[in-house]
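Scroll down for the structure; my scribbles are underneath it.
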Amino acid sequence: MATLRQILDKAAAAGLIAASQVRGLEAHLAQHGVRADIAVPEPQGVIESDIVDTEVPRFIRGFHDVLITIGVLIVMAGIWGIGSVLALLPLIIVLAEILVVRQRLALPAVVLSLATVVWTVFTTMAVLDGLDIHPTGVGSILLVLLPLPAVMGLFYWRYRIPIALAALLLSAFALALTVVIYLLGRASGTGDFVESFPLLSSAIFFLSAVGLFSVAMGYDLSDPLRVTRRSDIAFWIHLAAAPALLYAMLSFVFLRKGTGLLSPDRFGAYDSAGQVLVIVILLMTIGLIIDRRAFVTSGLVSLIAAVVSILAKGDLGGGSAVFVALLVVGSVVLVIGVGWPQLRRLAVGILPDTLKTKLPPLR
């Protein structure tokens with residue numbers, strides 16, 4: 001066990017505090033009854049790690065939060081089953097006032113925010129059905145999304161939950177994208193604008209994804225040390241921005257008339273597998289630079305599909321191409337995860353100093 005004086009000396013040696021401050025801190029602690037020569041016990045059962053994770057959203061603070069959240073989910077399921085989805089709103093408000101405003105529990109706050117999104121969507125669909133309004137195509141998505149930003153805006157105004165603000169921003173971007181696609185469809189006289197104009201649709205989707213990513217980066221750059229709620233807001237937005245960017249970029253490669261973006265025949269095309277690899281590697285590099293692992297995990301499905309296509313074309317995996325691809329991709333993920341600090345130093349090292357100072361510090 002190390003003494004408090006030794007701990008302070010190590011902090012000074014690491015540059016965390018000035019050497020001249022050590023004795024002053026000792027005197028201050030002594031005034032409050034803390035002796036610097038007393039050994040500080042080490043945490044029991046805790047394995048220290050050299051990797052400092054700056055991507056720790058503060059929504060799980062203990063098993064108490066987990067227990068309360070389980071109760072919230074069960075009660076909401078019971079209310080929905082006995083009554084209807086409309087009955088969830090009073091329950092959400094009551095629980096939010098108790099668990100969020102009074103007890104400030106983080107994980108139940110996340111669940112209640114997501115429950116508000118679910119309530120808004122299902123209630124809107126029920127109201128449209130009750131009014132006998134049955135739009136098709138983009139029009140149906142537009143009407144369902146229409147009240148969501150307003151509802152989540154009110155929810156965030158009252159409870160100030162980071163994921164609620166992220167849901168507000170995401171729904172606003174989704175609504176704006178849907179409005180643009182709907183208006184372009186009406187102007188062009190086509191019932192399915194995306195199918196009729198795939199390249200333009202991909203460009204619009206890509207610009208929306210870039211806009212969402214820019215908002216997330218705005219929160220990130222305002223808190224490079226990730227010690228405020230702005231970092232939590234950025235975390236949730238990045239969870240949506242990363243896959244949106246990925247599939248917006250993939251749509252330029254694969255978007256063809258009459259097939260879906262994730263249809264198997266797309267990734268079966270050997271000549272496209274290399275492009276998928278480039279896009280996924282690019283996003284992983286972005287994730288390393290901004291220190292966000294969401295960009296690494298968002299491309300795993302596409303990476304596996306591309307590797308399977310390459311192995312099958314080259315007959316490298318025999319009849320076990322899928323399992324060989326899983327082995328390869330899993331190994332890549334482990335290497336990136338274990339070597340994250342070192343890989344990030346390489347990625348950030350090529351950037352100009354003016355940009356480095358705005359990013360999270362290297363560990």
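Under 5 Å from the amide H of Ser222 lies no amide H of any residue 5 or more positions distant or on a separate chain, with H modelled from the backbone and absent for Pro and chain starts. Derived scalar couplings between HN and Hα for the stretch 352-363 equal x, 4, 5, 7, 4, 5, 8, 8, x, x, 6, 9 Hz in order, rounded to whole Hz, by the Karplus curve 6.51 cos²θ - 1.76 cosθ + 1.60 (θ = phi - 60°), x for Gly and Pro. With each label modelled as a point 7 angstrom along the Cα→C-beta vector, the Val278-Val85 pair spans 4.3 nm.
Extension gain for Ala203-Val66 works out to 45.1 nm (0.36 nm per residue, less the C-alpha to C-alpha distance).
Once Rg and the Kirkwood radius are both taken over the C-alpha atoms of the stretch 272-363, their ratio Rg/Rh works out to 1.07.
Remark: spin-label model distance Val322-Val301 equals 1.5 nm, labels positioned 7 Å along the Cα→Cβ axis.
Just so you know, all these numbers are worked out from the coordinates, no wet-lab data involved. In this text the structure is predicted, and so the values were computed from the model without any measurement. Neighbour counts are summed over all protein chains in view; Cβ atoms, including those assigned to glycine, are modelled from backbone coordinates with ideal geometry.
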